[in-house]
Structures are given as C-alpha cells and as structure tokens.
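The values are calculated or read from the model by the stated rules, or taken from the named source; none is laboratory data. Just so it is clear, the structure is predicted and the values come from calculations on it, not from any experiment. Using ideal geometry, Cβ is built from the backbone for each residue, glycine included, and neighbour counts are taken over all protein chains shown.
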Amino acid sequence: MSRLGIAVSGGPNPSEIVDLVTLAETLGYESAWVAEGHGGDQFSVLTGCAMRTSSIQLGTAISSVYVRSIPTIAMAAATVDDLSNGRFILGLGSSHKVQVVPEHGVAYAKPITRLRESVEIIRMLLQTGQAHYDGKTVRIENFDLWFTPRRPDIPIYAAAVFPKMMAVCGEIADGIILTRSTLKTGAEVKKRLAEGAKETGRDPSKIAVTSLLPTAVADNRQDALDVMRPGLAFYAGFFPRYNKLIAEHGFAEEAAAIAQAWARGDQAGAEGLVSDAMIDATSIVGTPAQCRERLEAYRQSGIDLPIISPFARGAGAKATFEAAIRACAPS
C-alpha cells in the first residue's frame, strides 16, 4: 500500500478531527498529524485520536519549541505515546517570529540552537527521567518525570525549510518535515541530510523524509486551483520565510509582488497574484485521479511520506477534509 499521511491545521473542531483521523485509519493512511496554530491544543486532540484508533501513527506537525516549556513538550509527548500504545511521533519546529512574538508574547532568538537544545532535553527526559541543563536558549535547574515513559526513544522529526536546518535534521532528527515541496525538493533534501548525518556518524537512509502538501480536490482542476489561491497568498504574503521559499522555487517576481500587496493590506490583490504554476509546483490539486497521480510523483521524487494538508474553515470544513481523505486514500 502506498504511504500517505493526513495533516489538519485547523478548520474542523477537535471532535471532528478525531472523526477524520478515525476515517483515515480505516482507509489505510499511515499517519495523522495535527498542527499547533489556532485549531485547538494539538496534544489533547491527538489524545482523543489515540482513544478512537488502534494502528494509525499520530504526530505533531509541528509543535513549536518556543510556546511551551521544553519539559512540558516532553511530558505531553510521553503522555500521547503512552495512551496510543507507542504510536506517537513528536514533530518539532521553530515556528516563525511573526507568530511567536505577537501571538504568544514570547521572545524569539537563535531558532537552530533552540531546536538543538530542545531535542537534547526531551531525549534526556525520556531516557533518564531527569533534566539538568544550562544551554544558550534553555536553562533548567531541575526537572524530573514522575512516571516512566512507555518508550524512551519516541521518534522526533524536525521541520526545515532551508539547507542549514535540513543539515541539522540530518544530525539530530529521526525524520524531517518539509512543507510546500516541489518535485525537485526530495533529492536536494537527501543531500543536505547526508551532510548533517555525516557530522554525527548517522545513517542518512534511516531519516524519514516527509512533506506537508497543501491539497484541494474538486470535480474539475480550475475549481481546485481557485481553492488554493488564498492559502498560498497568505503563506507568501505573511511569512517571510515562506516567501523566500516560494521565490527559490522559481517564483521570485511573483513572491515579491505578493509580499508587497500583503504589506499594504491588499489581500485580494495578493490572491490575484498567485499563479496556477505556483500552485501546481507546491501542491496536490485537481480531480481525485489527478491528485493521486501527483502524490505518486512526489513519492518517486524522494518524498518518503507525502502528507496531504487540505484547507477549510467554517461550517463545511469537516466535509471538505473528508472528501480529500477519501479522494486521495492509498490504493
């Protein structure tokens, strides 16, 4: 069966997400991932999923290393792993300064160092039950777990967008979580992972390459493309890091124009600047048959685990997600 994951980043409410993950399990999805964002507490939602499922892997994509304390992340990971009988994957990332500072009131600095130190502390707690740490971004005088984790080696995946963080993933992570990849991304990422793995004597072939892929399914391709335009405009307009990513994918002129429109408050104008080519390059979009074909192309390109990421808000969000889950189900 073809490997496939499903990601939810908000839209459906928590109980609806549990329903959707339960459906995904029955249809053969390998894993389900819940974002941090604004869509409900991810660890709580995944606990609900754990109670209703038995085989699908459950992960965070991603949990920010800034907005929770690191021991709190470790405890939450160990809790969901225990309740799911060892099916949890901890996806970590640095998130974005434009979110962390204004939305959470938390200082944002040295994201690569913060990720490195966070992974080290979490593994320390899972393996020994105690943490004493004096790092550059995290200092813990003493923290001890009052229960023994089911697994001392819960898989830790890390999010990366650019080469430097990709290499860090090769050094410290069990998997990498990409986003808005193109068919050229897989091969490049594996080179960067190998560079990082070499630094610590690891086998890069054992580092899972996953990617969140924005997904829209419709009866005709044009309708699906139109569904994707607002989301891509938001990513390229609001997040400097993703604007740079889209530019490096070969759309520098479009990315610059979208950022300018967004900065002056013209969201509609930003959406109008999103071309079909930009969507096609970074998404799963079209009829069910076209979407399944595109997913297979991503697998062949070096993405070990494509993760569909539908987008919907409002009363019909659950139905939109369910349609995408059914249309893209592994064969």
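Tabulated results
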| read-out | value |
| --- | --- |
| Qualifying residue in the stretch 290-305 (condition: part of a loop (DSSP other than H, G, I, E, B), within 14 Å of residue 215 (Cβ to Cβ), touching a strand residue (DSSP E or B) at 6+ places or on another chain (Cβ under 6 Å) and at pLDDT 95 or above) | yes |
| Of all residues in the stretch 47-67 being surrounded by fewer than 19 Cβ atoms within 10 Å (Cβ to Cβ) and among the aliphatic types (A, V, I, L, M), the one that is nearest to the chain's Cα centre (by Cα) | 67 |
| Boolean, residue 123 is without any contact (Cβ under 8 Å) to a residue 40 or more places away in the chain, crowded, with 17+ Cβ neighbours inside 10 Å and under 17 Å from residue 158 (Cβ atoms) | yes |
| The one condition in (1) in contact with a Phe, Trp or Tyr (Cβ under 9 Å, 6 or more places away or on another chain); (2) farther than 19 Å from residue 57 by Cβ that residue 155 fails to fulfil | (2) |
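Matching residues to (1) touching a helix residue (DSSP H, G or I) at 6+ places or on another chain (Cβ under 9 Å); (2) in the same structural domain as residue 169 (by TED's automatic domain parsing); (3) of a type outside the set (Ser, Thr, Tyr):
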site	(1), (2), (3)
45	yes, yes, yes
49	yes, yes, yes
57	no, yes, yes
65	yes, yes, yes
69	no, yes, no
80	yes, yes, yes
112	yes, yes, yes
126	yes, yes, yes
